[in-house]
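> Got a structure here, written out as structure tokens. Questions coming.
The values are calculated or read from the model by the stated rules, or taken from the named source; none is laboratory data. Predicted, not measured: the structure shown is a model, and the values here were computed from it. Please note: Cβ atoms are built from the backbone with ideal geometry, for glycine as well, and neighbour counts cover all protein chains shown.
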Amino acid sequence: MNTPIYEGKAKQIFAGTEPNTYLIRFKDDATAGNGEKHAVLDNKGVLNAAISNLIYRHLAQNGVPTHLIKVIGETDILVRAAKIIPLEVIVRNVAAGSFSKKYGVAEGSELKSRVVEFSLKDDSLGDPMLSPSHILALGIAAEEEIFDVTVQALKINELLTELFAKAGIRLIDFKVEFGKTDDGNIILCDEISPDSCRLWDINTNEKMDKDRFRRDLGNVMDYYAEVLRRLQAAI
Ligand code: UDP
């Protein structure tokens, strides 16, 4: 188990202890700007694993199929094997980040309707944005699969907006990744944590997510710990 099959920026993947499974280990490393900025944030792996596991259990209980089988340790989970669809699926409720920059909309502006956006998961190309017709033309996914992923992403958004609101947090936007199992089902993979969501305090709009690292706002892990504490109290 000591050599990962794959090592990403924030996670390591090992062979699983059961057939058709993998073990995922959350790391303390944080990167931003396509890997240009890097730091090791003490305890990030433990906090993100705990937050993501809590969220994935909540989603599974509400009918969203996920890769999570069981929690193995503080930073380790056993997951179902799935072939990752190389798409970053982003859902936006409020303008922020690249959306604000690209379309000239102030951060924090409410959107008239939800945005579902796709990017190609490829750091060397800078994760370019894709329309559904790009996805079809490049053979990344079929039409029914794009539909399935969109419906699941919107359902995740509904469930998480409500869950975070109970925790006194506004879900601004988030990114999810999906994979295809051997039997052809599309399931939620990867993680959902403050690394992959924008989370603002519902009263003060204070940022409680990775933007604290990206923008050097400080006390990054204190805010991640607060997200976990509030979610545990809300669930
Ligand atoms: N995001 C992510 N991984 C990426 C790009 C974006 O998890 O490689 C998340 C990000 O944390 C935010 C949402 O997706 O919650 C939308 O990000 P955006 O497109 O605004 O990009 P950014 O401003 O982070 O470059």
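> For residues in the range 182-216 being outside any strand (DSSP E or B) and in contact with a strand residue (DSSP E or B) (Cβ under 6 Å, 6 or more places away or on another chain), which is surrounded by the fewest Cβ atoms within 10 Å (Cβ to Cβ)?
Ile202
> Hey, could you check the range 225-235 for residues that are modelled with pLDDT of 95 or more and aliphatic (A, V, I, L, M) and say which is surrounded by the most Cβ atoms within 10 Å (Cβ to Cβ)?
Checked the range 225-235; the qualifying residue surrounded by the most Cβ atoms within 10 Å (Cβ to Cβ) is Val227.
> May I ask you to say which residue of Asp173, Asp201, Asp222 is modelled with pLDDT of 95 or more, within 11 Å of the ligand (Cβ to nearest atom) and not β-branched (Val, Ile, Thr)?
That would be Asp173, the only listed residue that is modelled with pLDDT of 95 or more, within 11 Å of the ligand (Cβ to nearest atom) and not β-branched (Val, Ile, Thr).
> When you go through Ile140, Ile84, Ile77 one by one, which is the residue that is surrounded by 15 or more Cβ atoms within 10 Å (Cβ to Cβ), more than 12 Å from the ligand (Cβ to nearest atom), in contact (Cβ under 8 Å) with a residue 40 or more places away in the chain and over 21 Å from Pro194 (Cβ atoms)?
Ile140
> Only one of these conditions is not met by Gln12: (1) under 17 Å from Cys189 (Cβ atoms); (2) among the polar types (S, T, N, Q); (3) modelled with pLDDT under 95. Which number is it?
Checking Gln12 against (1) under 17 Å from Cys189 (Cβ atoms); (2) among the polar types (S, T, N, Q); (3) modelled with pLDDT under 95, the one that fails is (3).
> Can you tell me how many residues in the range 48-74 are free of Cβ contacts under 8 Å to residues at least 40 places away in the same chain and β-branched (Val, Ile, Thr)?
Of the residues in the range 48-74, 1 are free of Cβ contacts under 8 Å to residues at least 40 places away in the same chain and β-branched (Val, Ile, Thr).
> If you don't mind, another one. From the residues in the range 16-47 that are without any contact (Cβ under 8 Å) to a residue 40 or more places away in the chain and loosely packed, with under 14 Cβ neighbours inside 10 Å, which one is farthest from Ser98 (Cα to Cα)?
Pro19
> Among the residues of the range 58-70, write down those that are part of a loop (DSSP other than H, G, I, E, B) and more than 30 Å from Leu125 (Cβ to Cβ).
Passing the criteria: Asn62, Gly63.
Residues checked against (1) within 27 Å of Leu154 (Cα to Cα); (2) of a type in the set (A, V, I, L, M, F, W, C); (3) at pLDDT below 95:
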residue	(1), (2), (3)
Asn20	no, no, no
Asp29	no, no, no
Asn53	yes, no, no
Ala60	yes, yes, no
Thr66	yes, no, no
Val71	yes, yes, no
Glu74	no, no, no
Ala82	yes, yes, no
Ala96	yes, yes, no
